[in-house]
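Values quoted throughout were computed directly from the atomic coordinates according to the rules given, and no laboratory measurement underlies them. All figures in this text were calculated on a predicted structure; none of them were measured in a lab. When we count neighbours, we look across all protein chains shown, and the Cβ atoms used for this are built from the backbone with ideal geometry, even at glycine.
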Amino acid sequence: MGSKFILLVFLAKLLTPGEVGTLNLMTVTIANGVMLAGMQFFLYANRELAAAPLEKKGYVVRNQMAFYGALYCVVFPLALLVFVFGLLPWALAGWFFAILVSDHASYELQRVLASTHRAVKSNVIHTVRTGLWVYPMVVVMFIKPAARHLTVVWAFWLSFSLFSVMLALWYNRRLGAKSAFKMPTDWEWIRRGMRTTLNFLPVTISLLAITLVDRYSIERWWGRDLVGVYALYSTIANLVVAFPEAGLTTVMQPQIIAAYAEGRMDDHRRLLRQLGLRLVVIVLLCSAFAAFGLLAALKYYVRKPIYTEHLAAFWVILLAAAVNAMGMWPHNELYSRHVDKMISRSSIVSAVVLVVLIMTLVPRWGLMGAGISLLICWTVMFALKYGASVRSRSAVAETGA
């Protein structure tokens with residue numbers, strides 16, 4: 001959490017807003033590439049992994065990796081469209097694909113750790129991949145002015161991402177995945193997973209729209225400098241989502257899934273209540289940290305007028321992030337109960353709402369239009385998921401579970 005804050009504030013000081021905008025476009029495009037490369041298959045595989053006996057966990061991981069290898073043959077050509085249509089310059093293609101593959105491998109291995117109840121090691125991998133590299137990079141840029149360009153950012157990002165993959169492989173060495181590679185791939189298991197994953201395909205597409213349409217619309221109508229401003233605001237606001245996701249829901253989700261799968265409904269309800277209460281506390285604390293941190297950084301360090309001219313939009317973006325974070329509560333209840341279709345529907349509806357609002361409001365109101373669009377989008381998604389979770393709860397009670 002602190003690493004992302006330091007990175008954006010430091011680069012906002014040393015780089016132009018346009019360069020910060022390029023960094024953010026690269027970051028969100030890779031993040032969405034990771035999502036596309038996995039096709040949300042982990043939603044099936046991790047549920048299977050959490051319920052599998054110890055001696056079969058390695059085989060689950062092995063089949064999961066086989067699926068991803070096949071999927072890369074489809075995803076990589078599609079990813080080239082980012083450069084064909086000029087969304088990113090061709091000069092970044094090498095860095096893009098190298099970081100994409102490394103980050104995806106690290107992300108999936110991190111999920112394996114979380115699903116096998118090794119939350120501390122999972123968070124170590126997350127920290128190495130997403131934040132640890134910031135500190136040595138900042139030192140290098142501070143000492144050597146010649147290093148203050150984006151190529152150095154890509155180099156540090158890739159190096160630490162690769163290190164996180166090697167570390168995650170070491171942590172997972174006892175799962176038996178190596179010996180599982182001697183067994184034939186279970187394509188029937190993969191086909192079952194693909195059928196489940198197809199339910200989440202609209203979710204994947206919707207999330208792609210939600211996380212890309214705002215930035216590319218701002219660039220289209222207002223230029224890359226304002227993308228840089230939006231990048232600073234949204235990245236700091238999204239810490240409100242990233243911290244509870246990595247430190248809370250990733251830890252509690254396997255417990256919630258296992259409690260429901262084993263019929264321990266009292267434990268299931270208790271864990272969900274704990275998740276909701278802890279989310280409220282963490283979201284409030286993270287929101288306060290993000291707000292005071294940004295204001296202090298802009299006043300005492302960055303000191304560039306362009307970043308303070310649009311602060312009203314930041315408050316709306318921060319509120320939207322808080323609503324998004326609270327959506328993890330009903331989402332985990334639906335996910336643990338296998339109410340996958342409602343998760344998909346809520347994502348589709350919210351994405352359509354966001355795209356329509358972005359196309360309408362951003363050309364007129366710029367960053368404020370993007371903030372309002374996000375707030376309405378996440379509120380709609382929360383309302384739909386919460387309503388579905390209440391109905392699901394009632395259905396479970398009627399069956400006497």
The number of residues in segment 91-128 that are in contact (Cβ under 8 Å) with a residue 40 or more places away in the chain, aromatic (Phe, Trp, Tyr) and surrounded by fewer than 23 Cβ atoms within 10 Å (Cβ to Cβ) is 2
Taking first residues from segment 221-233 that are more than 15 Å from Ile317 (Cα to Cα) and second residues anywhere that are aliphatic (A, V, I, L, M), the pairs with Cβ under 7 Å that are 6 or more apart or on different chains are Trp221/Val362; Asp225/Ile306
Condition check for Gly131: under 25 Å from Glu19 (Cβ atoms), small (Gly, Ala, Ser) and buried (at least 17 other Cβ atoms within 10 Å of the Cβ)
yes
Every listed condition ((1) crowded, with 18+ Cβ neighbours inside 10 Å; (2) under 27 Å from Phe289 (Cα atoms); (3) over 20 Å from the mean Cα position of the chain (by Cα)) holds for Val140 save (1)
Across (1) more than 22 Å from the chain's Cα centre (by Cα); (2) farther than 25 Å from Tyr233 by Cβ, Leu81 clears everything bar (1)
Note on segment 354-367: residues in contact (Cβ under 8 Å) with a residue 24 or more places away in the chain and surrounded by fewer than 18 Cβ atoms within 10 Å (Cβ to Cβ) are Met359, Pro363
Taking segment 6-36 and the residues there that are of a type in the set (Gly, Ala, Ser) and out of contact with any Asp or Glu (no Cβ under 6 Å at 6 or more places or on another chain), the one that is nearest to Phe97 (Cα to Cα) would be Gly33
Checked pairs for segment 47-76, first among the basic types (Lys, Arg), second in a helix (DSSP H, G or I), C-beta under 8 Å and 6 or more apart or across chains, list as Arg47/Ile257; Lys57/Leu49; Lys57/Leu175; Arg62/Ala177; Arg62/Ala180
Per the filter on segment 74-90, residues surrounded by 14 or more Cβ atoms within 10 Å (Cβ to Cβ) and either in a helix (DSSP H, G or I) or of a type in the set (Ser, Thr, Tyr) (or both) are Val75, Phe76, Ala79, Val82, Phe83
